[in-house]
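All of the numbers you see were taken from the coordinates with simple rules; none came from a lab. What you see is a predicted model; the values in this text were computed from it and never measured. Positions of Cβ are generated from backbone atoms using ideal geometry, with glycine treated the same way; all protein chains shown enter the neighbour counts.
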Amino acid sequence: MRSSAFISYSHKDKQWLEKLNVMLTPFTRDGMEVWSDQKIKPGALWADEIRKALADAKVAILLVSPDFLASKFIDENELPPLLAEAERGGLVILWIPIHFSNYKQTKINDYQAVWEPSQPLASLSKSKLNQSLVSISETIAEAMER
């Protein structure tokens, strides 16, 4: 049974992964499982670890930016299985606009964003950013409970 949230992001956007993880901490303390490649242990076969995490994902969280869209690894290895499983109904896609990007040219455009794409997180003031991250983390938790 699928039980975790899989976070897909560009390593150039690592600070956004960290911000989201901080906001998700109360939910992870309560047992919600969130996976990103930062959980891969030294010496592990990283491609196998990613495949296992993709197969276990109930929710896919996409941190969308120009770097995310430009990543060949994400485009070839992460998005195809996530989008295919979402089309089958076995996975919920939750995408978060980090920076303005050409997401409309991708299949990501077919899915409702968690946050308004016309106001990506990087464009928000600090207080509005925190408010948005609270809302986003609550949406992720709700999707995990379904």
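Residue pairs exceeding 30 angstrom between C-alpha atoms, taken from LYS12/LYS41; LYS72/LYS128; LYS52/LYS128; LYS12/LYS58; LYS41/LYS128: LYS72/LYS128; LYS52/LYS128; LYS41/LYS128. When the chain is treated as a Gaussian network with alpha carbon springs shorter than 10 Å, the biggest mean-square fluctuation among LEU24, LEU82, LEU129 belongs to LEU129. Within region 23-57, which residues have the backbone N less than 16 Å from the label spot 7 Å out from ARG146 along Cα→beta-carbon, could you tell me? Once the point is set 7 Å along Cα→Cβ of ARG146, 57 turn out to lie under 16 Å by backbone N, inside region 23-57. Hydrophobic, long helices, defined as DSSP H runs whose alpha-carbon span along the helix axis is 24 Å or greater and whose mean Kyte-Doolittle value is at least -0.5, occur in the chain at 126-145. DSSP finds beta bridges in region 4-145, and of those with both partners inside it, around 0 percent are antiparallel. For a paramagnetic label modelled on ARG2 (point 7 Å from Cα along Cα→Cβ), amide N atoms under 19 Å away belong, within region 33-65, to 33-37, 49-64.
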